[in-house]
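Please treat every number below as a calculation from the coordinates, not as lab data. Remember, predicted model here, so these are calculated numbers, not experimental data. Glycine gets a Cβ as well: all are built from the backbone with ideal geometry, and neighbour counts include every protein chain shown.
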Amino acid sequence: MVSKIDICNLALAHLGQEGISSLTQEDERSRRIHLFYEPVKAEVLRTHNWAFALVREPLVLLEDPSAPAYPYLYQYPADGLFVRKVFAGAEGRKPYPFKEVYRRRINQRAVQTPAPQAVAEYTRDVQDATQFDPAFVKAFSLALAADLALTLTGDEALCRLMLGRYSQCLEEARRSNMSEGFEIPPADSAFVGVR
């Protein structure tokens, strides 16, 4: 099982840098990695349909605005990074159109759709690194290395190399998902992103 520190040290190894023992160390590398870790993780999670991060759950109805094309407004999933599809009901198979909106009156993001009893298929923000798929670990460490390359080494060529390796890694993950296939569990299932 991989840990957050393992991923950070893998990113540093891609850059030819020494590892760290903690993100709270009082040195510049630890501070930079700590700064970049969450935003880069969220970006990599959003760029691909990672099976371990994919969830299908009912949305919570907020209100019924008068917009006839999108009559239902639902709370954005609390752990959601990216809503990919919306269905009507737990057994729904045909995706409905939807849009993400921000409602100033209630001060929150929302999903607006014509789907009654909406169920969202979305990418969740996975916090526990032990749940990460090995392909995600590799892609995430390369993306983290790419973002850290300039700030830690000042080497633009190394940054481009890491970005290229990251892009290649994402393509391999996409091909792997297409050939393996995975099934999204039903909305009431306790499991998420099962291959």
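Nothing charged except the Cβ atoms of Lys and Arg (+1) and of Asp and Glu (-1): what's the magnitude of the dipole of region 54-124 about its Cα centre? Round to the nearest 20 debye. Intermediate results must be reported in sequence, preceding the final value.
On the way: 11 positive and 7 negative charges, 45 e Å.
Using Cβ point charges on Lys, Arg, Asp and Glu, region 54-124 gives about 220 debye.
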| query | Can you give me the relative contact order of the chain as a percent, contacts being Cα pairs under 8 Å and 6 or more apart? | reply | 26
| request: Would you work out if region 54-124 is rounded, prolate or oblate? Take a ≥ b ≥ c from the square roots of the eigenvalues of the alpha-carbon gyration tensor; rounded if a/c is under 1.5, else prolate when a/b is larger than b/c, oblate otherwise. | output: oblate
| message | Placing +1 on the Cβ of each Lys and Arg and -1 on the Cβ of each Asp and Glu in region 103-174, which of SER141, THR130, ILE106 has its Cα farthest towards the positive end of the resulting dipole? | response | ILE106
| How many nm is it between the label spots at LEU163 and VAL137, if each spot is 7 Å from the Cα in line with the beta carbon? | 2.7
| Put +1 on the Cβ of each Lys and Arg and -1 on the Cβ of each Asp and Glu in region 8-59; which of VAL44, ILE33, SER22 then has its Cα farthest toward the positive end of the dipole? | VAL44
| request: For LYS94, list the lysines whose Cα falls under 28 Å from its own Cα; do not include residues on the same chain fewer than 8 positions away. | output: LYS85
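Estimate the FRET efficiency between GLU156 and LEU61 by the formula 1/(1 + (r/R0)^6), using the beta-carbon distance for r and 45 Å for R0, to the nearest 0.05. Mind dumping the intermediate values first?
Working: r = 50 Å, r/R0 = 1.10.
Computed FRET efficiency for GLU156 and LEU61: 0.35.
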| query | Pairs LYS41/LYS138; LYS4/LYS138; LYS41/LYS99: which are spaced more than 22 Å apart, C-alpha to C-alpha? | reply | LYS41/LYS99
| request: Working from Cα positions, state the angle (0 to 90°, nearest 10) between the long axis of helix 156-180 and the longest principal axis of the chain. | output: 40
| remark: Output ordering of 134-145, 153-164, 51-62 (per-residue mean of other Cβ within 10 Å, highest first) is 134-145, 51-62, 153-164
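Let's see if you can work this out: charge +1 on each Lys and Arg Cβ, -1 on each Asp and Glu Cβ, no other charges. What is the dipole magnitude of the chain about its Cα centre, in debye to the nearest 20? Present the calculation step by step, with values, prior to reporting the outcome.
Working: 23 positive and 25 negative charges, 125 e Å.
Roughly 600 debye for the chain.
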| query | What is the calculated FRET efficiency for ALA13 to GLN127, with r their C-beta to C-beta distance and R₀ = 22 Å, to the nearest 0.05? | reply | 0.40
| note | Relative to the chain, whose Cα atoms define the longest principal axis, helix 4-14 and its Cα axis are tilted in degrees, nearest 10, by 50
